[in-house]
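Structure first, then comments.
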Amino acid sequence: MYSSSFRLTNRDIDLALEAGHLFLVFQPKIELATGRTLGAEAYVRWNHPDYGLMPPGLFLSFFERRGRSVDLTRSVVATAADAMVQWRLQRQHWPVSINLSGSDLGDATLPGTLAALVGERGLDTSDFTLEVPEGVFARNADDSARIICEFRRLGFRTALDGGGAVVVPAEYVTPDYFSEVKISGAAIIRFAHRLRHAGLGFIGRRVSLAASLGLDATAVGVEDETTLSALASLGFTAAQGAHICRPREAKELIGWSFAQDMRSDFLAVDAPDDALLLEEPMEDDDQEEALDRCHLPNEITLSYEDHDLAIPGIDDVPVCTGALDPACFFPGRNLIALMRRPPRHGRRLPGIDRPIRMRIRRPKQKPKGFLARALGL
């Protein structure tokens, strides 16, 4: 649709780079074992003054065809570095991943240029992961490996990014060239989970190789709980995707954590009949007397360093809640109840089948008699 309605030129690229029409959004990456935020991946967007917000699949290929991918990469790294500086002012030290193109791997001057951009902002190159497309690397492995070695010499981390279907020589999937492997596509990951018992498959072999060499393995494009819950069993160590957090602008991610998003599951709602009460039922008079003697807080904080807690998981197997360190539950008033209902936004920790919500229930008032109502009491 876009290709038939307008034409882009080098002048559009120049204006985009000079006038700030290009901007970044970031998608957080979490550690599967703990839910801890490991960093974020930067995605570039183009808000064209005439054509509006354009899909990346369109303009990224245009930059590549025009030989301007290196200019785009420089702009992305500079903008990402500026965002990291702002995060650090808020005491948020997140590393960032940047995607490289085929043209980037053919430019011998790029490693030094990017290192200079990072150094100018007082940042360390080790805070950046440069993601290499597996297809580009496989087509020209020797030349790409030389550029990657230069990036590694300057302190950058590198990741082999793709679906795992492209054959990359095993001698290159080592810590000498890569710090991490990334598998993209929720459908691909779900497919690997279905074939887990039939054999490892190409994804399983890539992840198993990474694990044997001490490389991190990240799943990209996690869009549902089924996929997220299956990742650890497949050997993945980290994940990112819309189910965890959609890409957002840098300022919107200040203070973000997966555990914090999880807390919205613990909302004040009306208790169902099968609610599990933390206290034995009491008569209404006893409840009111007990409430008069104490003041319930608006927020209950449980520290998992002080308590050994677990919550119901799949098949009623308890799941350790240490990933929520600490978790805050926001009750309403009065008695605390545990309720098992699906979360509103669908986010849960891996392995958790039903979340626990906490609230305080107001005791029922005794109905007034006819005489009391008649007298207005």
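What FRET efficiency would be calculated for the residue pair residue 10, residue 109, taking the C-beta separation as r and a Förster radius of 25 Å, to the nearest 0.05?
0.75
Please turn the phi angles of the stretch 15-24 into ³J(HN,Hα) values with the Karplus equation 6.51 cos²θ - 1.76 cosθ + 1.60 (θ = phi - 60°), one per residue in order, whole Hz, x for glycine and proline.
Computed from phi, the couplings for the stretch 15-24 are 5, 4, 6, 7, 9, x, 6, 8, 9, 10 Hz.
In sequence order, what are the phi-derived ³J(HN,Hα) couplings for the stretch 43-60 according to the Karplus relation 6.51 cos²θ - 1.76 cosθ + 1.60 with θ = phi - 60°, rounded to whole Hz, with x for glycine and proline?
10, 8, 10, 10, 9, 6, x, 9, 9, x, 6, 9, x, x, x, 7, 7, 5
May I ask you to derive the FRET efficiency for residue 202 and residue 248 from their Cβ-Cβ distance with R0 = 22 Å, giving the value to the nearest 0.05?
E between residue 202 and residue 248, to the nearest 0.05, is 0.10.
Using the charge dipole of the stretch 30-156 (Lys, Arg: +1 at Cβ; Asp, Glu: -1 at Cβ; taken about the Cα centre), state which of 126, 89, 47 has its Cα farthest towards the positive end.
It is 89, whose Cα lies furthest towards the positive end.
Report residue 21's accessible area, 1.4 Å probe, all protein chains in place, as a number in Å² to the nearest 10.
Around 40 Å² of this residue is reachable by solvent.
If I take every Cα pair under 8 Å that is 6 or more residues apart in the stretch 64-143, average their sequence separation and divide by the length, what percent do I get for the relative contact order?
Answer for the stretch 64-143 is 37 percent.
Loop only per DSSP, at most 16 neighbouring Cβ atoms within 10 Å: give me the trypsin sites (Lys or Arg not before Pro) in the stretch 45-96, ordered by residue number.
Passing sites in the stretch 45-96 are 66, 91.
Taking the Cα atoms of the stretch 76-192 alone, what are Rg (to one decimal) and Dmax (as a whole number) in Å?
14.8, 44
List the residues, sorted by chain then number, that are 5 or more residues from residue 97 or on another chain and whose placed amide H is less than 5 Å from its amide H.
Hits under the 5 Å cutoff: 40, 41, 42, 129.
The values are calculated or read from the model by the stated rules, or taken from the named source; none is laboratory data. Note that the structure is predicted; figures quoted are calculated from it, not measured. Note: ideal-geometry Cβ built from the backbone for every residue, glycine included; neighbour counts use all protein chains shown. Note: areas computed on protein heavy atoms with side chains; ligands, DNA, RNA excluded. Shrake-Rupley method; radii C 1.70, N 1.55, O 1.52, S 1.80 Å.
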